[in-house]
Amino acid sequence: MKILFVENAILPTRGGVERVTYTLYKGFQTLGHQCFVYFRQADSDDIDASYKYQENDTQSITEQLSSCIVKWGINLLICQNLHGPKYWDAYKFVKTKYKVNIVTVLHSNPDIWVNKSKWGHTTNFIFFKELLRSMAFKILGNPYRENQIQMYNLSDRYVLLSESFKPVFCRLNGVDGNKLAAIGNPCSFSEKNSDKQEKDNTVLVVSRMAEQQKRITEVLKIWKEANISDWSLVLIGDGPDLSLYKRMAASMHLKNVEFLGAQKHPEKWYRTSKIFLMTSVWEGLSMTLLEAQHYGCVPIVYNSFSAVYDIIEDNKTGIIIQHNDSNGFADALRQLTCDSAKLQSMSTNAIISSNSKYDLQTILQQWEALFSSLDLKTSR
């Protein structure tokens, strides 16, 4: 089979969706499929130039996508993260003219726009931004919902990251769900791990530094409240609000806090850190949670997205906190740092859970089953 991934960016260090795309790209190749990538920005040297195409603004999207399909003989198109009105006509055209199958993957929870307005915001700017967005949705229509409906109608299969997302998707979008499938993200690290790994007294955050979704200001407030003197907090990642967080940490006089920026190989820190924090307003199936568990870095996370219960068994493989309960979050962090036996037990359980549920081979088998259900045309 000849598969074309359609993705906004393909640089694995840029974010979770990019790492998923790269991991599946390589994984499908091991199963004998030929894989190619159509992308818009953030190139990756890890993918050979003859197997990728970067979109430009001089030709129409339909022309560019059609050229790739004909050149490579594509019979399956996987839309990872390049949706929206300007792509709908292109997908409709290639599906009709070239008889390609289309599989769309939604990398967020289906009610993302509900969560954006539902949860509190940590800055006045973001609060008013979301208030204006909500008002615009009521007047002009909801682009998130419209995109989900359009891509669902265009697709042969529509993949959600959790079974728990299916009823939500159907209810919000008024569809029967016959095209829906649930396939989780694979852990992007193949290295097998042992619970005997020596770890430091480090609390880790690996995240895009973007307040609207990730709410790193909440991490800093929790760290101050927990007041743990003999542990350090390490934050890995880049983004538009990194400088804001550095200024905030300085103004709060936080101790033992280090911002390391983007790191090509964050596994070094997963491997040596004991605890992982996530305070996001919303997620799909968080790659960083999977990666943390893979290395026995015990996560503490808000229950702001339903798939958290797919990943974490509360008080066994991690700790789930009621959303916006920052005091409860700080208490859980403080108590876990003081209970080495519980921390070690949860670390071992996290590794076992990750290896059984989100191992790459397990996820590839689920994708192969989906491929078998499609009426795939022979390559051109």
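Dipole magnitude of the chain about its Cα centre, charges +1 at Lys/Arg Cβ and -1 at Asp/Glu Cβ only, in debye to the nearest 20?
Using only the charged Cβ atoms, the result is roughly 640 debye.
What residues qualify as long-range amide H neighbours of Ala262, i.e. H under 5 Å apart, gap of 5 or more or another chain, H built at 1.01 Å from N?
Distant-sequence amide H within range of Ala262: Gly237, Asp238.
I need the phi-derived Karplus couplings for region 43-55: 6.51 cos²θ - 1.76 cosθ + 1.60, θ = phi - 60°, integer Hz, Gly and Pro marked x.
Residue by residue, region 43-55 yields 5, 10, 6, 6, 10, 4, 4, 6, 10, 9, 9, 9, 4 Hz.
Could you put Ser67, Ser373, Ser326 in order, starting from the residue whose Cβ has the fewest other Cβ atoms within 10 Å?
By the 10 Å Cβ count, ascending, the order reads Ser373, Ser67, Ser326.
Pick from Gln365, Gln29, Gln59: which residue has the top mean-square fluctuation in a GNM of the chain where Cα pairs under 10 Å get a spring?
It is Gln59.
Assign unit charges at the C-beta atoms only (+1 for Lys and Arg, -1 for Asp and Glu), then state the dipole size of region 185-261 relative to its Cα centre in Debye, rounded to the nearest 20.
Computed about the Cα centre, the dipole is about 180 debye.
Taking 41 Å as R0, compute the FRET efficiency from the Cβ-Cβ separation of Lys179 and Asp325 and round it to 0.05.
Once rounded, the FRET efficiency stands at 0.65.
Just want the answer: with Cβ charges of +1 for Lys and Arg and -1 for Asp and Glu, which residue in Ala332, Ala250, Ile228 is farthest toward the dipole's positive end in region 202-357?
The listed residue farthest towards the positive side: Ala250.
For region 365-374, what does the Karplus curve 6.51 cos²θ - 1.76 cosθ + 1.60, with θ = phi - 60°, yield as ³J(HN,Hα) per residue in whole Hz, taken in order and with x for Gly and Pro?
Per residue, the Karplus-derived 3J(HN,Hα) values read 4, 5, 5, 4, 5, 5, 4, 5, 7, 8 Hz.
Quick one: of Lys221/Lys268; Lys2/Lys71; Lys2/Lys95; Lys86/Lys179, which pairs are farther than 21 Å apart, Cα to Cα?
Violating the 21 Å Cα-Cα cut-off are Lys221/Lys268; Lys86/Lys179.
Suppose we keep just the DSSP beta bridges with both residues in region 202-357; what percent of those would be antiparallel, to 5?
Bridges in region 202-357 are about 0 percent antiparallel.
5 Å is the cut-off here: which amide hydrogens, built 1.01 Å from N in the peptide plane, fall below it relative to Ile74, excluding neighbours closer than 5 in sequence?
Counting only residues 5 or more places away or on other chains, the set is Arg380.
Working out 0.36 nm times the residue gap between Ser373 and His33, then minus their Cα-Cα distance, what length gain in nm do you get to one decimal?
Length gained, Ser373 through His33: 120.8 nm.
Nearest 20 debye, what's the magnitude of the dipole of region 202-357 about its Cα centre given +1 on Lys and Arg Cβ and -1 on Asp and Glu Cβ?
360
If amide H atoms are built 1.01 Å from N in the plane of the peptide, which residues on other chains or at least 5 residues away come under 5 Å of the amide H of Asn109?
HN-HN under 5 Å from Asn109: Glu283, Gly284.
We did not get these values from a lab; they are worked out from the coordinates using the rules stated. Please read these numbers as outputs of a predicted model, since none were measured by experiment. Note that we place each Cβ from the backbone using ideal geometry, even for glycine, and neighbour counts take in every protein chain shown.
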